[in-house]
1. Output the number of the condition that MET38 fails; it satisfies all remaining conditions of (1) loosely packed, with under 15 Cβ neighbours inside 10 Å; (2) touching a helix residue (DSSP H, G or I) at 6+ places or on another chain (Cβ under 6 Å); (3) within 30 Å of ILE142 (Cβ to Cβ).
2. So in the range 47-81, with the set limited to residues that are under 14 Å from LEU12 (Cβ atoms) and polar (S, T, N, Q), which one is surrounded by the fewest Cβ atoms within 10 Å (Cβ to Cβ)?
3. For the range 90-101, how many residues meet the condition of being surrounded by 13 or more Cβ atoms within 10 Å (Cβ to Cβ) and over 23 Å from the mean Cα position of the chain (by Cα)?
4. Filter the range 41-75 for residues that are more than 30 Å from ASP91 (Cα to Cα) and in a helix (DSSP H, G or I) and give the result.
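The values are calculated or read from the model by the stated rules, or taken from the named source; none is laboratory data. Keep in mind it's a predicted model, so treat the numbers as computed, not measured. Note that each Cβ is placed from the backbone with ideal geometry, even for glycine, and that neighbours are counted across all protein chains shown.
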Amino acid sequence: MEQNKETLASALCKAQSEFTPAAQSGYNPHFKSSFSTMNDLIRATRPALKKYGLAVAQYPQVTESKEHVLVTKIVWFGDTLTSNTPIVLKDPSDMQAFGKACSYITRYVYKMMLSIEAADECEDDGNESAGIAVNSAASGTISNKQLGLLRMLLKDQTNRESALLMHYKIDDLSELSWKYMNEVVAALKPNIC
């Protein structure tokens, strides 16, 4: 009888090879930057995780030393890979701040534990780090990365693109104000299963 040599590590390795790059449909107006939402990360990973019998669980917990942590577990047939990430708050009784911190940490730990690549993490020939911006938020319009995301979401749907142009009174998507990015992405992205 041949013994199954599959392990959590080998199942995770196989799943990672099938992850798709995560979209960056979230937008932070304070930093004028895009980020992968939790839904983006789940869309990029769930099919492969399911295929290889992997599950991810995340939840807040208070340790014996009264420290708040986010517990993240990757589970495969009884084997578990666990991370306990501290949730540091000035006022632990501020539930709104706690919720924001959990949301932020959940996304980053999920992305790091699964080694997820973002679709928009690509070469820009050093332009961004050199301060050279085309369609930058400094000018009030979306970035090239955001424009690429919109074009990907539209997938040659010229009628929808025309409707967007008319609605926002612009001639080209590159003229869209960064203020409307989340609104447009929410209208275009498909529902998660």
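1. (1)
2. Step one: filter the range 47-81 for residues under 14 Å from LEU12 (Cβ atoms), giving 48-56, 72-77, 79-81.
Remaining after also requiring polar (S, T, N, Q): 72, 80.
Numbers: THR72: 21, THR80: 12.
So, considering only residues that are under 14 Å from LEU12 (Cβ atoms) and polar (S, T, N, Q), the one surrounded by the fewest Cβ atoms within 10 Å (Cβ to Cβ) is THR80.
3. 1
4. ILE42, ARG43, ALA44, THR45, ARG46, PRO47, ALA48, LEU49, LYS50, LYS51 - these are the residues of the range 41-75 that are more than 30 Å from ASP91 (Cα to Cα) and in a helix (DSSP H, G or I).
Here is a yes/no grid of residues against (1) farther than 17 Å from SER34 by Cβ; (2) of a type in the set (Ser, Thr, Tyr); (3) in a loop (DSSP other than H, G, I, E, B); (4) modelled with pLDDT under 90:
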| position | (1), (2), (3), (4) |
| --- | --- |
| LEU89 | yes, no, yes, yes |
| SER93 | yes, yes, yes, yes |
| GLY99 | yes, no, no, no |
| GLU128 | no, no, yes, yes |
| ILE132 | yes, no, yes, yes |
| ASN135 | no, no, yes, yes |
